[in-house]
Amino acid sequence: MTVLMVSGTGTEIGKTVVTAAVAAAAVAAGRSVAVLKPAQTGMEPGAAGDAAEVVRLAGPMITAVELARYPEPLAPDTAARRAGLPTLSPGEIADAARELSRSHDLVLVEGAGGLLVRFDEAGHTLADAARLLDAPVLVVTPPALGTLNSTTLTAEALRARGLQSPGVVIGSWPAEPDLACRCNLADLPSSSGLPLLGVVPESSGSLSPESFRAEAPTWLAAGLSGTWSPESFLETWHP
């Protein structure tokens, strides 16, 4: 797995922190890592974006690349149109990921919002770039009520496009999970058909970078270079 796309079931669900955790775990396992953010929205020039946040948390050895930046916090195609800036095509995203893969063991491509958010006027999405790369798509999802539907819809959209996914990571596990969160631990794999590959605690992005890097492998399963066990986590939290 040289290129891994990271997509969410929506926005503001911990996708960047999960990307940083995967990067940190891979570095701890001795792999060289690059993170590619095709479209950063809601940021003015010069502000630290998602790729910079991954580097801050996962370490300065991470290579960070951002292809386009749009000031308004909207879907990339809408933000580009309103700003009078060029949109991104899936080919441009795929080419950038391929170039990074020539010098890195792992390239993480962090999408914008959900899987089918539009990048250009033709309606291309992160899924189109994944298809060009033949790259798997890691799904980041919240733990709370409603996540079964959105995660299952995302998994179905992946399968309908012939795309593979290694599994699902919960992006922000609360310190005091309610009944729905705890039930969703077991129900997410059966509903979506995808294995649960990790649970990242809420507010992990507020940890010091040193603590984040030390703890990141404990949040992720072996398939993501981690030590986390779904069985033991279920024993702790499932009602």
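The values are calculated or read from the model by the stated rules, or taken from the named source; none is laboratory data. Small disclaimer: the values here were computed from a predicted structure and weren't measured. Reconstructed Cβ throughout: ideal geometry from the backbone, glycine too, with neighbour counts over all protein chains shown. The accessibility values were calculated without ligands, DNA or RNA, using every heavy atom of the protein model including side chains. Shrake-Rupley method; radii C 1.70, N 1.55, O 1.52, S 1.80 Å.
Can you name every one of the helices (runs of 4 or more DSSP H) wholly within the range 121-207 that holds 2 or more residues which are touching a Phe, Trp or Tyr at 6+ places or on another chain (Cβ under 8 Å) and more than 27 Å from THR78 (Cβ to Cβ)?
Numbers: elements: 126-133, 147-160, 179-192.
Qualifying helices (runs of 4 or more DSSP H): 179-192.
Report yes if ARG118 is part of a loop (DSSP other than H, G, I, E, B), in contact with an Asp or Glu (Cβ under 8 Å, 6 or more places away or on another chain) and loosely packed, with under 15 Cβ neighbours inside 10 Å, otherwise no.
Numbers: part of a loop (DSSP other than H, G, I, E, B): yes; in contact with an Asp or Glu (Cβ under 8 Å, 6 or more places away or on another chain): yes; loosely packed, with under 15 Cβ neighbours inside 10 Å: no.
No: the conditions fail for ARG118.
Would you pick out the residues in the range 23-58 that are in a strand (DSSP E or B) and either hydrophobic (A, V, I, L, M, F, W, C) or closer than 21 Å to GLY226 by Cβ (or both)?
First, the residues of the range 23-58 that are in a strand (DSSP E or B): 33-41.
Answer for the range 23-58, where residues must be in a strand (DSSP E or B) and either hydrophobic (A, V, I, L, M, F, W, C) or closer than 21 Å to GLY226 by Cβ (or both): VAL33, ALA34, VAL35, LEU36, ALA39.
May I ask you to list the residues in the range 224-239 that are part of a helix (DSSP H, G or I) and more than 19 Å from THR16 (Cα to Cα)? Steps first, answer last, please.
Taking the range 224-239 as the starting set, the residues that turn out to be part of a helix (DSSP H, G or I) are 224, 230-237.
Answer for the range 224-239, where residues must be part of a helix (DSSP H, G or I) and more than 19 Å from THR16 (Cα to Cα): PRO230, GLU231, SER232, PHE233, LEU234, GLU235, THR236, TRP237.
Please state which of the following conditions GLY171 fails to meet, knowing it meets all the rest: (1) touching a helix residue (DSSP H, G or I) at 6+ places or on another chain (Cβ under 6 Å); (2) open to solvent by 50 Å² or more (accessible area, probe 1.4 Å); (3) small (Gly, Ala, Ser).
Every listed condition holds for GLY171 apart from (2).
Quickly run through the range 197-222 and pick out the residues that are under 26 Å from GLY146 (Cβ atoms) and either open to solvent by 20 Å² or more (accessible area, probe 1.4 Å) or in contact with an Asp or Glu (Cβ under 9 Å, 6 or more places away or on another chain) (or both). Quick ask: steps written out before the conclusion?
Our first condition is that a residue be under 26 Å from GLY146 (Cβ atoms); within the range 197-222, this holds for 197-206, 219-221.
Listed by number, the residues that qualify are LEU197, PRO201, GLU202, SER203, SER204, GLY205, SER206.
Just one of (1) under 13 Å from GLU110 (Cβ atoms); (2) touching a strand residue (DSSP E or B) at 6+ places or on another chain (Cβ under 7 Å); (3) open to solvent by less than 10 Å² (accessible area, probe 1.4 Å); (4) not in a strand (DSSP E or B) trips up ALA20, so point out which.
Single failed check for ALA20: (2).
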